[in-house]
Structures are given as structure tokens and as C-alpha cells.
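The values are calculated or read from the model by the stated rules, or taken from the named source; none is laboratory data. Computed from a predicted structure; not experimentally measured. Because the Cβ atoms are built from the backbone with ideal geometry, glycine has one as well, and the counts that use them run over all protein chains shown. For accessibility, only protein heavy atoms count, side chains too; no ligands or nucleic acids. Shrake-Rupley method; radii C 1.70, N 1.55, O 1.52, S 1.80 Å.
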Amino acid sequence: MANKPRALVTRPLFPAARAILDEKFEVEYWTQAERIPRAELLKRVTDKEALVVLLTEKVDDELLATSRKLRIASTVSVGFDNIDVPACTRRKVVATNTPGVLDDTTADFAWTLLMAVARRLVEGDVWMRSGTWPGWDLDQLLGGDIWGKTLGIIGFGRIGRGVARRAQGFQMRLLYHDQARVAPEVERGLHAEFVDLDRLLGESDFISLHVPLLPETRHLLSKDAFGKMKPTAYLINTSRGPVVDEGALVEALEQKQIAGAALDVYEHEPKVHPGLIPRRDVILTPHIASASVETRTKMAVMAATNAVALFEGLRPPNALNAADLGL
Ligand SMILES: NC(=O)c1ccc[n+]([C@@H]2O[C@H](COP(=O)([O-])OP(=O)(O)OC[C@H]3O[C@@H](n4cnc5c(N)ncnc54)[C@H](O)[C@@H]3O)[C@@H](O)[C@H]2O)c1
């Protein structure tokens, strides 16, 4: 039997994804509990033709320079800010991600955060467990209404539109901002109005972020943006941490420029800005917006399928640089 191509996979993934990879490749899985150290990644990738990574591993020029046999880098995430796609293209390495399979799960979670922060769910839970709740009273844990309010969505792609669909059931007014306007029938279907960023910031009661991390979206929400928001507004971030200037967010909360924030992602993961930790007007979750059994399995299977496709002479279905590589 001819030798199989060699692959490095930085997590054991799930059985369904391993079955796909194991059939095609001779696979080395990183199985230790801690994430693969960078030096170990660079060492192990040198003789591999395929690499499957998580968003915590960077595929950059340094890595590509040490892995001259590499033909594909497949990330188990839709966001691909961990992959230097132009560098991959220069070295004729296909880069792939996992779009589409996590839209509704991630939108569900953005909605979970929106409701939880507005209705002070976590504070209520902590109170009940403390054994100090004295019983019902009229003015306990008053939050903000959700129904009938204005939701501003920044980044109206797959997930942003998923959040917009959920807003329909809450009779919300919907504003969106994106670098590109969607088709009129999509706007009509979602009752969504395209506005510039300033108007969205000034009129929204809830702002939910769904842009990819790019040079242009880094610190999209900074001191200036918080200054334009309503003092009753809540920020929800399930996109990428650096889209928000965390220091400016802490300042805005301290100065009551906004009412609260619910964050699933952080500027310097796994660190969290120390100013956020003690705040009761903030909900913090550990980057789990796509973390359902079904969706994480689909993502892993998709990443495995992308890697295998190339070695079957096919164009990987989610190749990010297909056109540039002439695939
Ligand atoms: N927290 C999580 O676990 C989690 C899960 C899934 C996705 N994400 C993040 O969510 C992001 C969005 O995912 P998606 O599948 O909806 O992507 P998408 O490509 O479908 O949508 C992104 C939208 O952002 C818009 N955009 C890009 N640059 C912009 C700019 N400068 N200003 C305004 N709009 C801009 C694009 O035009 C597009 O409509 C991913 O890139 C990823 O980083 C996070």
C-alpha cells in the first residue's frame, strides 16, 4: 500500500472527524490537555502535508517557513484571523475554514447573552445561591426591556442575520451596519434598516457585533464609539475580542456611558481585562458561542473534509484562497 500523506491535528477532535482523517492520512494528533506549545507545533509540522488547527494556533509566515511540505492548513472555526491567508497563498498552501455550520448556534448564544445581561440573569442566580434573598420585592434586579427595543447589528453576514431573525419574535426595531448593504428583499424579510455606524451607535438599545477580525475592525468599538451610545444600551460581543477596545469598554462602564456588556470573546484571550472581573453589569463567557455538541462536531467534520478533499484531487469546499491559487 502506498504511503499515506502525513497530517498534524492539534486536538483529538471528535470520532466522526477522526474517522475521515484517519482513512486518508497518517495522522499525528496532539492529545495532551494543554494546548500545543508553539515550539512543539513548529517542530511537529515540519514533515506534514496537512495541518488541522484550532483558532488558538497561528498559521503564519514563521510556521509556513518551517513546513515546506505543507499543502493545506484547515482551521476548525469560521473566523480565520489565526491564518495569514496571503502568506499561505505565497507558499501555495490552501487555507480553509468552517463557514455556515455554526450560524444558528452562535446566533442563539448571542441572543442568550443579550437576554441574560438585560434581565440580570447571572446576578439573580448568584443571589439565590448566596442564601440571602429575602423574598420578592418590587424593585429587585430591575433590568432593561428587550421586546420593542432597537437592536443594532454590526456585521450583517451569516451570524448577524441569524441574530436578526431572532429579533423578529421580540417585535424589535432592527438597524444594521455592514461594509456592504444586503439585497432589498433580505432587508424587507428581516425588517432591517441599513444605517451608518454613528446612527446605529446612537439609536440602538442593544448592539451585537458580528464582524470578522480584520485590520479595519480592530477596536471598531473604542472610546469614541462608546461616547456615542445610549447610557441605557448594552453591548454583546460574540465576534472576536479585539473588535472592542477592552480598556475603553471598562471606562465606559465605569462612567455609566452604557448600561452593560455581555462578552464571549476577549482582546487578549485567555486573559480578561481586570476591570471587567468585579463588574455586575457585565456577563463573561469563555468563548463558547458555537459550543453545542452538534455544531462543534459539524465544524470538526468540515475541517477534516476540507483537508481530505485536496488529497483526493478536489477543491477543498471551503478554500479561502481558491481563486488566488487557481483551484
Ligand atoms: N464567539 C464564537 O465562538 C464565534 C463563533 C462563530 C463566529 N465568530 C466570529 O463571528 C464572525 C462572523 O462570522 P460570520 O460567519 O457571520 O461571517 P460573515 O463573513 O458571514 O459575516 C461577516 C460580515 O461582516 C461584514 N464586515 C466585514 N468587515 C466589515 C467592516 N469593516 N465594517 C462593517 N462590516 C464588515 C462583512 O461584509 C460580512 O457581512 C467570524 O469571523 C468569527 O470571528 C465567533
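Tabulated results
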quantity: Contacts under 7 angstrom Cβ, first residue in the range 288-302 being under 10 Å from residue 14 (Cα atoms) and touching a residue at least 12 places away in the same chain (Cβ under 8 Å), partner surrounded by fewer than 16 Cβ atoms within 10 Å (Cβ to Cβ) and hydrophobic (A, V, I, L, M, F, W, C), 6 or more apart; calculated: 297/16; 301/16
quantity: Criterion violated by residue 197 - all others in (1) within 15 Å of the ligand (Cβ to nearest atom); (2) open to solvent by 40 Å² or more (accessible area, probe 1.4 Å) satisfied; calculated: (2)
quantity: Cross-chain or 6+ apart pairs with Cβ under 8 Å, the range 87-102 first and over 20 Å from residue 76 (Cβ atoms), then of a type in the set (Asp, Glu) and open to solvent by 30 Å² or more (accessible area, probe 1.4 Å); calculated: 89/324
quantity: Filtered residues of the range 254-296 (kept if in a strand (DSSP E or B), within 19 Å of residue 126 (Cβ to Cβ) and over 12 Å from the mean Cα position of the chain (by Cα)); calculated: 260, 261, 262, 282, 283, 284
quantity: Helices (runs of 4 or more DSSP H) (entirely within the range 101-190) containing at least 3 residues that are over 26 Å from residue 215 (Cα atoms) and open to solvent by less than 70 Å² (accessible area, probe 1.4 Å); calculated: 103-118, 121-130, 184-190
quantity: Condition met for residue 7 (away from the ligand (no atom under 15 Å from the Cβ), more than 30 Å from residue 144 (Cβ to Cβ) and at pLDDT 95 or above); calculated: yes
quantity: In the range 207-227, residue farthest from residue 77 (Cα to Cα) [restricted to those that are more than 16 Å from the ligand (Cβ to nearest atom) and open to solvent by 30 Å² or more (accessible area, probe 1.4 Å)]; calculated: 227
quantity: Members of the range 36-83 that are charged (D, E, K, R) and not in a helix (DSSP H, G or I); calculated: 47, 48, 49, 57, 58, 60, 68, 69, 71, 81
